[in-house]
1. Looking at (1) at pLDDT 90 or above; (2) more than 16 Å from residue 14 (Cβ to Cβ), which is the one condition that is false for residue 63?
2. Quickly run through segment 12-41 and pick out the residues that are loosely packed, with under 13 Cβ neighbours inside 10 Å and in a loop (DSSP other than H, G, I, E, B).
3. Anything in segment 42-80 that is under 24 Å from residue 22 (Cβ atoms), out of contact with any helix residue (DSSP H, G or I) (no Cβ under 6 Å at 6 or more places or on another chain) and outside any helix (DSSP H, G or I)? List them, or say none.
């Protein structure tokens, strides 16, 4: 990891890195996670995610893919994808 990347990291889990130069604030990441897992109907999902993230064992900088995978394993969720067979019928 470059020294520049290590210097610019935000301490704690305040943000999630998309790349060495791009990052999401934690609130934005949580919203994106809820959307990509279609979890809008799950009661208290935002609180559940925040409390789960408090136990994240990794250290900054945290990359989005590794955090998604850890939450998926920890809580048992999976990403949802559009049904492309319906689009093919158009």
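The values are calculated or read from the model by the stated rules, or taken from the named source; none is laboratory data. From a predicted model like this one, the values you see are computed outputs, not experimental measurements. Note that each Cβ is placed from the backbone with ideal geometry, even for glycine, and that neighbours are counted across all protein chains shown.
1. The single condition residue 63 does not satisfy is (2).
2. Quick first cut of segment 12-41, residues loosely packed, with under 13 Cβ neighbours inside 10 Å only: 12, 19, 21-22, 25, 27-28, 35, 40-41.
Those that are loosely packed, with under 13 Cβ neighbours inside 10 Å and in a loop (DSSP other than H, G, I, E, B): 12, 19, 21, 22, 40, 41.
3. 56, 57, 58, 59, 60, 61, 62, 63, 77, 80
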